[in-house]
Amino acid sequence: MSGTKAPVHVGGGKNSQNRKVTDFYPIRRSSRKSKTELQCEEKKLIDDLITNGIEDGMEVQYIEGKGRAVFATRCFQKGDYVVEYHGDLLQITDAKKKEAEYAQNPATGCYMYYFQYLCKTYCVDATKETGRMGRLINHSKNGNCQTKLHDINGVPHLILVASRDIDKGEELLYDYGDRSKASIAAHPWLKY
């Protein structure tokens, strides 16, 4: 029988000539993490920093005519967690009572930050002097940080994140957001 070819078997048996690439090369799975996995890891890292009161990458300095200020001792990239605005978490009724108490003694100062969370108004009262640095970050309308709420097991925490890249040696600043005439009259520096 000249001119006839042996039939080619198309099946997938052991002797098949039709083999897959994976028969010769192992399957490589991507080791990249999904966006959700990365977000979960970042949240857990921030949870741990807040829970353990870790405040790295900054130091307090005294500025003549201004008082205490917080400066970066390392670079922060836009979106990086910087520090927690740490204090007592109060419901609005308790916060207003505390604020009235503080108003009786002007030397006390007031480090209260009001915010909405799940349709309720809360306040972080950081008036009590502690070693925490978030309460010492000064105001600027053009600050390099911004506030953000961070939930840990249903409890809101007020944190500051870098609103732009921050260089080592820069003063950390954020906008307090208070534009009331009474506040500006009492604290003219809120205009800037």
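The values are calculated or read from the model by the stated rules, or taken from the named source; none is laboratory data. No experiment lies behind these values; they were computed from the predicted model shown. Ideal geometry is used to build each Cβ from the backbone, glycine not excepted, and the neighbour counts take in all protein chains shown. Accessible surface is based on the protein model in full, side chains and every heavy atom, while ligands, DNA and RNA are left aside. Shrake-Rupley method; radii C 1.70, N 1.55, O 1.52, S 1.80 Å.
Computed quantities for the displayed model
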quantity	calculated
Residue within segment 55-64 that is over 30 Å from residue 118 (Cβ atoms), outside the structural domain of residue 116 (by the TED database), in contact with a Gly (Cβ under 8 Å, 6 or more places away or on another chain) and open to solvent by 90 Å² or more (accessible area, probe 1.4 Å) present	no
Which listed residue, of 98, 78, is part of a loop (DSSP other than H, G, I, E, B) and among the charged types (D, E, K, R)	78
Any hit, segment 141-151, residues being assigned by the TED database to the domain that holds residue 54, in contact with an Asp or Glu (Cβ under 7 Å, 6 or more places away or on another chain) and surrounded by fewer than 17 Cβ atoms within 10 Å (Cβ to Cβ)	yes
Total residues in segment 88-128, condition among the acidic types (Asp, Glu) and under 23 Å from the mean Cα position of the chain (by Cα)	2
Subset tally (residues that are assigned to a strand (DSSP E or B) and among the β-branched types (Val, Ile, Thr)) for segment 36-73	3
